[in-house]
Amino acid sequence: MITGAGGGLGRAMIKAACGAGHRVIGLVRSMESAEALERSIPENAICCVCVQDLAHPEQLAVHADLLGMSDIDVLVNNAGKIKPGPLESQNLADAKDVFAVNYFSPLALIQAVLPGMRRRRSGTILNISSLSAHAGLVADGIYAASKAALERSTESLHSEVGPLGIRVSNIVLGKINTAFGQSSTPPEKDVYTALMTKLAAERSPGGEDPADIAEEIMASIGQPNLPLTLPIGTQARQVLQQLRKLSPVQRMEWLEKISAAGWWRAHHSRS
Ligand SMILES: NC(=O)c1ccc[n+]([C@@H]2O[C@H](COP(=O)([O-])OP(=O)(O)OC[C@H]3O[C@@H](n4cnc5c(N)ncnc54)[C@H](OP(=O)(O)O)[C@@H]3O)[C@@H](O)[C@H]2O)c1
């Protein structure tokens with residue numbers, strides 16, 4: 001089962017999983033995404049597409065039987081939401097929405113697949129995370145917190161269900177060439193407008209090919225020793241390696257250098 005299957009990495013993983021001959025369930029948010037996904041699935045593939053809005057995690061327990069959750073061998077929590085902005089001006093309802101999709105829905109899906117996996121003493125749960133979980137970049141606090149929450153919970157889960165034969169991993173990704181985070185509402189006039197305007201001007205498409213990332217993620221499922229934290233793609237591997245080497249002070253200096261944080265500090269020392 002792969003969530004967020006309507007586009008981007010999710011759709012690429014569906015294609016890779018179908019290509020490898022797996023029986024796949026793709027969860028999408030809307031009928032439009034379902035139709036688009038169905039059109040892209042090869043004819044001989046065994047793929048079922050289900051519509052499920054993950055902004056309402058409490059519905060997942062109710063729909064678990066319909067979705068056949070007790071028979072899932074591999075769950076990939078891929079759906080994700082981002083709402084960039086400085087913490088001071090974040091709307092709480094938006095922040096809860098980000099956590100619903102990035103944290104509470106994965107949790108509800110994990111709870112729904114675990115009884116079956118425990119009975120079979122086998123199963124794999126991959127939680128798609130981000131470098132954001134490892135570094136609180138400027139204007140990324142809510143998304144970073146949601147992915148960090150997912151990663152820490154996965155660590156607990158690893159200890160809880162590993163002895164029961166269930167493998168759990170955080171898949172850490174860098175920038176991938178999808179539409180993720182490309183559309184955002186223009187900043188409201190407040191103290192952070194200059195910062196948000198700069199970030200919007202610097203936002204550029206690009207990143208690693210979702211098809212390559214998808215193939216690597218699918219290959220990880222067959223890996224005998226699946227690590228708890230698995231960076232996939234060149235950027236994620238390099239950045240995680242770099243972060244592990246830095247002291248807390250060096251880490252903050254590095255974060256200022258690679259993000260708009262340094263510019264923001266300089267902007268204020270000028271004004
Ligand atoms: N792209 C990157 O640079 C990057 C970097 C690091 C980590 N990631 C992570 O990779 C994962 C996949 O992202 P992507 O790059 O493939 O971007 P994407 O194309 O925007 O995919 C996100 C998916 O999540 C789905 N989704 C969002 N809100 C939902 C909701 N309420 N209910 C159900 N589905 C919902 C989207 O459905 P709709 O199509 O209907 O909106 C979409 O299919 C995410 O978890 C993201 O955090 C991405």
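Residue-by-condition table, conditions (1) outside any loop (DSSP other than H, G, I, E, B); (2) surrounded by fewer than 16 Cβ atoms within 10 Å (Cβ to Cβ); (3) touching a strand residue (DSSP E or B) at 6+ places or on another chain (Cβ under 7 Å):
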residue: Glu38; (1), (2), (3): yes, yes, yes
residue: Ala61; (1), (2), (3): yes, yes, no
residue: Ile82; (1), (2), (3): no, no, no
residue: Gly85; (1), (2), (3): no, no, no
residue: Asp94; (1), (2), (3): yes, yes, no
residue: Asn102; (1), (2), (3): yes, no, no
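Which residue out of Gly7, Gly80 is at pLDDT 95 or above and near the ligand (Cβ under 10 Å from one of its atoms)? Going through Gly7, Gly80 in turn, the sole match is Gly80. In the stretch 213-223 there is no residue that is within 22 Å of Ile82 (Cβ to Cβ), within 16 Å of the ligand (Cβ to nearest atom) and part of a loop (DSSP other than H, G, I, E, B).
When Ala201, Ala194, Ala145, Ala139 are checked against the criterion of being in contact with a Leu (Cβ under 7 Å, 6 or more places away or on another chain) and farther than 28 Å from Gly222 by Cα, a single residue qualifies: Ala139. Could you check, for the stretch 40-54, whether at least one of its residues is over 18 Å from the mean Cα position of the chain (by Cα), closer than 22 Å to Leu137 by Cα and either of a type in the set (Gly, Ala, Ser) or part of a loop (DSSP other than H, G, I, E, B) (or both)? Among the residues of the stretch 40-54, not one is over 18 Å from the mean Cα position of the chain (by Cα), closer than 22 Å to Leu137 by Cα and either of a type in the set (Gly, Ala, Ser) or part of a loop (DSSP other than H, G, I, E, B) (or both), which makes the answer no.
For Thr154, state whether it is away from the ligand (no atom under 12 Å from the Cβ) and within 18 Å of Leu228 (Cβ to Cβ).
Values: away from the ligand (no atom under 12 Å from the Cβ): yes; within 18 Å of Leu228 (Cβ to Cβ): yes.
So Thr154 passes the test.
In this structure, Ala36 qualifies as over 24 Å from Arg167 (Cα atoms) and either modelled with pLDDT under 95 or small (Gly, Ala, Ser) (or both).
Scanning the stretch 1-47 for residues that are within 14 Å of Leu75 (Cα to Cα) and of a type in the set (Lys, Arg) yields a total of 1.
The values are calculated or read from the model by the stated rules, or taken from the named source; none is laboratory data. On a predicted model such as this, the values are computed, not experimentally measured, just so you know. Virtual Cβ from ideal backbone geometry, glycine too; neighbours counted across all protein chains shown.
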